[in-house]
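Undergrad: The structure's right below; bear with me while I get my questions together.
The values are calculated or read from the model by the stated rules, or taken from the named source; none is laboratory data. Here the structure is a predicted model, which is why all the values come from computation and not from measurement. Please note: Cβ atoms are built from the backbone with ideal geometry, for glycine as well, and neighbour counts cover all protein chains shown. Side chains included, ligands, DNA and RNA excluded: accessible areas come from the protein's heavy atoms. Shrake-Rupley method; radii C 1.70, N 1.55, O 1.52, S 1.80 Å.
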Amino acid sequence: MSTRTGLRTWLQRAGLAFVVWLGVCAGTYALGGTPRPGLVALTIVAVAAVLILFLDLSASTEASVWDVRREQPLLSPGEDPGLARLNRMLTAHQVGNTVDSTLHDHLVGLLDQRLLARHGVTWSADPVRAATLVHPDLVRFAEATSPYPRLKPAQIDVLIDRIEAL
């Protein structure tokens, strides 16, 4: 933008702000009010400054383009999402700084599903009756509370075998 065009643009903006100020003050007098010309001018200048800043910046910048595609997909093509989630859960259990309830809750959920399908009872609804149907290792595991122990893969495998044997 040349200096002459820039000066003309600013003079037009100042003239428009003056006309708005004059219109607001005259309108207020016409309606029987007593405006404060300095306060009205300050308000119009503040609104005009924000509007000019917005218009100038939006005219000089390009629209943002948000590329939502990933460079590498989270899952490999053909990979089962459920299996990938279980793999991440087991990996987090093995290498995490602390052991949370995620693996425990998942295995108790599997126990509930198997008990319900085979015997019509769940551990969460009737632990006393369910305890008579499952192996003592599963009872100890299901009754465990925080802090949960870090299980080795062989221990997890034994628990899953016991759940499948129901």
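Undergrad: Being open to solvent by 90 Å² or more (accessible area, probe 1.4 Å), among the charged types (D, E, K, R) and at pLDDT below 90 is the requirement here; does Arg85 meet it? Outline the logic, then answer.
TA: Details: open to solvent by 90 Å² or more (accessible area, probe 1.4 Å): yes; among the charged types (D, E, K, R): yes; at pLDDT below 90: yes.
So Arg85 passes the test.
Undergrad: How many residues, within region 30-67, are assigned to a helix (DSSP H, G or I) and surrounded by 11 or more Cβ atoms within 10 Å (Cβ to Cβ)? If you could, list the steps in order and put the result at the bottom.
TA: Of region 30-67, the ones assigned to a helix (DSSP H, G or I) are 30, 37-60.
Right, trim to surrounded by 11 or more Cβ atoms within 10 Å (Cβ to Cβ) and you get 37, 40-45, 47-49, 51-52, 55-56.
Of the residues in that region, 14 qualify.
Undergrad: Would you please list the contacts, defined by Cβ atoms under 7 Å and residues six or more apart or on different chains, that run from a residue in region 120-149 that is under 20 Å from Ser101 (Cα atoms) to a residue that is open to solvent by 50 Å² or more (accessible area, probe 1.4 Å)?
TA: Thr122/Leu116; Asp137/Val158; Asp137/Arg162; Leu138/Arg162
Undergrad: I've got another one for you. Search region 22-39 for residues that are in contact (Cβ under 8 Å) with a residue 40 or more places away in the chain and at negative phi and pair each with any residue that is part of a loop (DSSP other than H, G, I, E, B) and open to solvent by 60 Å² or more (accessible area, probe 1.4 Å) when their beta-carbon atoms are under 9 Å apart and the residues are at least 6 apart or on different chains.
TA: Note: no pairs meet the criteria.
Undergrad: To continue, here is another question. Tell me, which residue of region 120-166 that is of a type in the set (Lys, Arg) and in a loop (DSSP other than H, G, I, E, B) is surrounded by the most Cβ atoms within 10 Å (Cβ to Cβ)?
TA: So the first thing to find is which residues in region 120-166 are of a type in the set (Lys, Arg), and the list is 129, 140, 150, 152, 162.
Still in the list and also in a loop (DSSP other than H, G, I, E, B): 150, 152.
Numbers: Arg150: 13, Lys152: 10.
So the residue we want is Arg150.
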